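Since the structure comes first, as structure tokens, the remarks are kept for the end.
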Amino acid sequence: MSSPPPLPAGNGTGLLKAVYRRVVDNFLAVVTVPLAAAALVAVARFGPEELTGRLLREARPVHLFLAAFLPAAAATVYLMLRPRAVYLVDYACFRTASNCRVPFSTFLEHAKQVPVLNERSVRFMTKLLERSGLGEETCLPPAHHYIPPYKYCTLDAARGEVDLVVFGALDDLFAKTGISPGAIDILVVNCSLFCPTPSFVDMIINRYKLRSDVRSMHLSGMGCSAGLISVGLARNLLQVAPRGTHALVVSTETITPNYYVGSERAMLLPNCLFRIGGAAALLSNSPSRARFRLKHVVRTLTGAQDSAYTCVFQQEDDYGNVGINLNKDLMTIAGNALKANITAIGPLVLPASEQLLFALSFIARRVLSGGFRPYIPDFRTAFEHFCIHAGGRAVIDELQRSLGLSDEQVEASRMALHRFGNTSSSSLWYELAYIEAKGRMRKGDRVWMIGFGSGFKCNSAAWECIVPAATAEGPWATAIHRYPVDIPDVLKH
């Protein structure tokens with residue numbers, strides 16, 4: 001754990017708040033130190049021989065037995081029932097190639113070749129791109145580079161994107177870790193919109209000749225937060241597996257077959273925001289060579305509400321064209337899901353001072369019938385780094401405002417969106433790679449990953465760094481020296 005921040009030398013309110021945090025967060029020490037001092041005084045006053053003699057004379061044998069047995073029994077039961085720790089050995093992100101780059105001008109030129117897209121639709125897409133937060137170096141799969149793109153989005157082209165992205169990330173991961181594919185015991189893959197037969201896990205097993213007893217799962221339709229769902233599933237399996245078990249988690253979104261060719265504005269948004277990307281992570285229940293420890297995974301699902309269930313929805317438009325409809329209430333629904341997730345993860349990660357303030361605020365609002373504004377905990381006291389799903393500029397803006405984060409704390413999310421676009425469930429790994437490439441990660445630093453996805457879901461993962469990356473190798477290797485960049489509200493090109 002990182003050491004507490006120094007007391008501020010500024011105004012009295014800040015100093016008072018810092019003192020409050022020091023006292024409450026270290027309450028156990030505040031109580032135990034005086035008790036320990038009193039015990040030492042008693043020993044010094046009576047002497048150890050006299051205290052031991054009194055104890056042996058006055059205590060019954062059963063009391064001595066219980067005093068020795070109960071702590072040992074409690075410690076044994078705790079060690080047996082405690083969930084096994086899970087670690088991140090390493091991770092790798094797909095490195096986009098320059099020949100897949102799609103500048104705004106190229107994207108819009110190709111869009112003009114789609115017959116159903118009139119001038120009004122192209123103007124809408126132009127305005128959206130200018131305000132999206134995406135840069136000129138984001139990439140699309142090879143099929144989207146043909147004119148018109150939708151004619152070449154075949155099943156074979158989609159499988160070709162899987163080969164390019166998934167196998168590219170896995171090759172890098174196996175090279176980084178030195179782990180043999182034969183050492184993989186668990187395989188979890190998530191891709192929402194493309195679910196071929198044979199499945200992704202079968203394609204990976206065939207390519208790398210994994211063992212016949214590997215436990216494999218392919219999660220589909222889970223949206224952009226599916227990466228953390230996969231991590232949670234792998235964690236659950238590792239906690240009941242023999243020590244030294246390895247789990248491989250692969251997160252991607254194959255966008256080749258999902259090019260929308262209609263003119264419905266809400267369904268044109270994914271065409272403009274989503275880009276090619278993927279990541280692979282190696283987890284284990286052994287700390288050997290681990291770089292991060294997985295502390296918590298918290299999932300929040302709001303799909304019981306109709307508005308949340310339909311806010312990200314795959315459907316046909318009036319002309320039968322299939323696409324993803326992003327509802328105008330998406331940000332409101334995402335905000336509500338975030339609040340529910342904060343309520344669940346807060347008690348697990350926040351220091352006692354923040355939990356006490358949150359509890360008092362909750363009680364005051366109930367007693368006074370909402371007369372108090374809800375207290376938003378300061379998660380900066382629990383985490384040094386934040387990886388917010390780079391779903392779009394509005395998503396990052398909303399979370400920065402809601403959580404009271406600084407520009408630097410959301411920098412990784414904004415820069416990942418600018419350089420790579422919305423890479424769906426893999427975006428969190430590109431952001432973690434950015435933080436490490438910048439050399440900002442330190443041993444003991446805590447990382448909060450926050451993902452949003454259809455359903456509607458808000459999922460969180462909390463990590464603790466064990467060993468920071470030694471180099472900036474990875475998806476940012478050729479670009480990190482140019483970042484961060486200034487991203488204007490409207491990008492003219």
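Based on the Kirkwood radius over alpha-carbon pairs, what is the Stokes-Einstein translational diffusion coefficient of the range 423-493 at 37 °C with 0.692 mPa s viscosity, in µm²/s? Numbers along the way, then the final one.
Values: Rh = 14.2 Å.
Estimated diffusion coefficient is 232 µm²/s.
Contour minus end-to-end for T126 and A175, with contour as 0.36 nm per residue of separation and end-to-end as the Cα-Cα distance?
On the way: separation 49, 0.36 × 49 = 17.64 nm, distance 4.06 nm.
Here the answer is 13.6 nm.
Share of the range 266-376's accessible area from carbon and sulfur, percent, 1.4 Å? Walk me through the intermediate numbers first.
Numbers: 3270 of 5780 Å².
The value for the range 266-376 is 57 percent carbon and sulfur by accessible area.
Taking just the alpha-carbon atoms of the range 364-493, what radius of gyration and Dmax come out, in angstrom?
Just the Cα atoms of the range 364-493 yield Rg and Dmax of 16.4, 56 Å.
I'd like to check one number: the per residue accessible area of the range 266-376, probe 1.4 Å, reported in Å² as a whole number. Before the final figure, lay out the partial values.
Working: 5780 Å² over 111 residues.
Solvent-accessible surface per residue comes out at 52 Å².
Using a 1.4 Å probe, how large is the accessible area of K112, given in Å² and rounded to the nearest 10?
Surface accessible to solvent at K112 totals approximately 120 Å².
Ranked highest first by the average count of other Cβ atoms within 10 Å around their residues, in what order do 424-436, 349-361, 450-462, 89-101 fall?
Working: 424-436: 28.2, 349-361: 17.5, 450-462: 24.9, 89-101: 19.3.
Put in order of decreasing packing, that is 424-436, 450-462, 89-101, 349-361.
Just how much of R207 is accessible, in Å², when a 1.4 Å probe is used and the result is rounded to the nearest 10?
Approximately 110 Å² for this residue.
Could you state the orientation-averaged shadow area of the convex hull built on the Cα atoms of the range 82-199, in nm² to one decimal? Write down the numbers at each step before the final one.
Working: hull surface 44.1 nm².
Average of the hull's projected areas for the range 82-199 equals 11.0 nm².
Say each of T76 and K151 gets a label point 7 Å from the Cα, pointing the same way as Cα to Cβ; how far apart are those two points in nm?
7.6
Provide the descending list of Cα extents for the range 177-275 along its principal axes, expressed in whole angstroms.
If we take the Cα atoms of the range 177-275, the spans are 53, 25, 23 Å.
What per residue convex hull volume, in Å³, do the alpha-carbon atoms of the range 252-316 yield?
Numbers: hull volume 9.7 nm³, N = 65.
Hull volume over Cα atoms, normalised by residue count, gives 150 Å³.
I need the chymotrypsin sites (Phe, Trp or Tyr not before Pro) found in the range 135-211, filtered to DSSP loop residues with at most 14 other beta carbons within 10 Å of theirs.
Y146
What FRET efficiency do you get for I466 and S220 if R0 is 45 Å and r is their Cβ-Cβ distance, rounded to the nearest 0.05?
Values: r = 32 Å, r/R0 = 0.72.
Efficiency, rounded to the nearest 0.05: 0.90.
Using alpha carbons only, how many angstrom separate the centre of the range 166-199 from the centre of the range 469-493?
The distance from the Cα centre of the range 166-199 to that of the range 469-493 comes to 26 Å.
Return the Rg/Rh value of the range 246-358, two decimal places, where both radii are evaluated on C-alpha atoms and Rh is the Kirkwood radius. Don't skip to the end; give the middle numbers.
Details: Rg = 19.2 Å, Rh = 17.8 Å.
Result for the range 246-358 is an Rg/Rh of 1.08.
Please list, ordered by chain and number, the residues whose modelled amide H lies under 5 Å from the amide H of K295; skip anything fewer than 5 residues away on the same chain.
Long-range HN contacts for K295: A462, W463, E464.
On a full-extension model of 0.36 nm per residue, what is the gain between S307 and N206, subtracting their alpha-carbon distance, rounded to one decimal in nm?
Values: separation 101, 0.36 × 101 = 36.36 nm, distance 4.10 nm.
Result for the pair: 32.3 nm of gain on full extension.
Would you mind counting up the charge near P484? Only other residues with Cβ under 14 Å from its Cβ, with Lys and Arg at +1 and Asp and Glu at -1. Don't skip to the end; give the middle numbers.
On the way: positive: R414, R419, K438, R440, R482; negative: D407, E408, E411, E431, D486.
With Lys, Arg at +1 and Asp, Glu at -1, the neighbours total 0.
Percent of accessible area on the range 412-483 owned by carbon and sulfur, 1.4 Å probe?
On the way: 1030 of 1910 Å².
In the range 412-483, the share of accessible area belonging to carbon and sulfur is 54 percent.
Per-residue HN-Hα couplings for the range 274-282, Karplus 6.51 cos²θ - 1.76 cosθ + 1.60 at θ = phi - 60°, whole Hz, x for Gly and Pro?
Ordered by residue, 3J(HN,Hα) equals 7, 9, 5, x, x, 8, 10, 10, 9 Hz.
Any idea of the accessible area per residue across the range 110-218, 1.4 Å probe, to the nearest Å²?
Working: 4920 Å² over 109 residues.
Dividing the accessible area of the range 110-218 by its residue count gives 45 Å².
Keeping all protein chains in place and using 1.4 angstrom, which order do S263, S286 fall into by accessible surface area, from largest down? Intermediate results must be reported in sequence, preceding the final value.
On the way: S263 50, S286 20 Å².
The ordering from most to least exposed comes out as S263, S286.
Please list R215, R123, R366 in order of solvent-accessible area, largest first, computed with a 1.4 Å probe with all protein chains present. Present the calculation step by step, with values, prior to reporting the outcome.
Values: R215 100, R123 125, R366 170 Å².
Result of the area sort, largest leading: R366, R123, R215.
When N counts the residues of the range 134-201, how does its alpha-carbon radius of gyration compare numerically with 2.2 N^0.38 Å, as a ratio?
Working: Rg = 14.9 Å, N = 68, 2.2 N^0.38 = 10.9 Å.
Here the answer is 1.37, to two decimals.
In percent, how large is the relative contact order of the range 77-184, given Cα pairs closer than 8 Å and 6 or more residues apart?
Working: 73 pairs, mean separation 38.6, N = 108.
Relative contact order, the range 77-184: 36 percent.
Pairs K328/K457; K339/K457; K127/K328; K176/K457; K209/K295; K295/K339: which are spaced more than 22 Å apart, C-alpha to C-alpha?
Working: K328/K457 17 Å; K339/K457 12 Å; K127/K328 17 Å; K176/K457 32 Å; K209/K295 32 Å; K295/K339 20 Å.
Among K328/K457; K339/K457; K127/K328; K176/K457; K209/K295; K295/K339, the Cα-Cα distance tops 22 Å for K176/K457; K209/K295.
Find how much the distance from Y375 to M331 grows on full extension, using 0.36 nm per residue of separation minus their present alpha carbon separation; answer in nm with one decimal. Mind dumping the intermediate values first?
Numbers: separation 44, 0.36 × 44 = 15.84 nm, distance 2.03 nm.
Separation in residues times 0.36 nm, less the Cα-Cα distance, equals 13.8 nm.
The values are calculated or read from the model by the stated rules, or taken from the named source; none is laboratory data. Fair warning: this is a prediction, and the values are worked out from it, not measured in the lab. For neighbour counting, all protein chains shown are included, and Cβ atoms are generated from backbone atoms with ideal geometry for every residue, glycine included. When the accessible area is computed, the model is the full protein with side chains, heavy atoms only, and any ligands, DNA or RNA have been set aside. Shrake-Rupley method; radii C 1.70, N 1.55, O 1.52, S 1.80 Å.
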